[in-house]
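Comments concern the structure below.
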Amino acid sequence: MSIIKINAITVEPDSGDELARRFAARAGAVDSADGFEGFELLKPTDARTTWLVVTRWRDEQSFQAWAASPAFGQGHRSEGPAADQPKQRPVGVSSELWSYVVAGGSAGGTD
Ligand code: HEM
């Protein structure tokens, strides 16, 4: 059964768009990880400042292997992509990892 790992990233007000830009710049970075089934970056539509990175994995082991891999470390450096670019500060002020399995639901109608 798939597992859901959610990284809940809290940003300063007004930093959210920069977070979205940084995610867009790393699109595809996780796609080739074994057992990776997809992710969405969810932006709050109310006054909250916590964004959710909802990721789905084949199993706990797949997630743990990716989280411990050089690919994860590379994708989570705060430097710019080139060595001569200035270091960027992280946009997040804090983050929490939440772990879930699907316990029910529905795919919705087709029309
Ligand atoms: C559940 C899996 C993940 C975990 C545990 C995780 C962990 C983290 C952590 C701890 C931060 C720093 C937040 C802070 O500043 O407080 C972060 C930021 C970030 N993550 Fe992840 N992440 C996950 C999934 C992903 C995925 C799938 C991507 C995209 C390929 C991604 C791309 C980023 C980016 C672009 C940032 C912003 C870094 C910055 O501020 O420059 N993360 N993540």
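Just so it is clear, none of the values below were taken in a lab; they were calculated from the coordinates. The structure presented is a predicted model; accordingly, all values stated were derived computationally and were not measured. When we count neighbours, we look across all protein chains shown, and the Cβ atoms used for this are built from the backbone with ideal geometry, even at glycine.
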Shape box of the chain [Cα atoms, principal axes, largest first, Å]: 48, 35, 28
Tilt relative to the chain, helix 16-25 - C-alpha long axis, 0 to 90 degrees, to 10: 80
Förster radius 30 Å - calculated FRET efficiency between A25 and Q61, Cβ distance, rounded to 0.05: 0.60
Nearest-20 debye value, the chain charge dipole, Cβ charges on Lys, Arg, Asp, Glu: 200
Stretchable slack from A107 to S94, in nm (0.36 nm times residue separation minus alpha-carbon distance): 1.4 nm
For L42, residues with placed amide H under 5 Å, excluding near neighbours: L52, V53, V54
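Give me the net charge of E12's neighbourhood, meaning all other residues with Cβ under 13 Å from the Cβ of E12; Lys, Arg count +1, Asp, Glu -1.
-1
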Potential lengthening between Q74 and D34 on full extension [0.36 nm per residue; Cα-Cα distance subtracted]: 12.7 nm
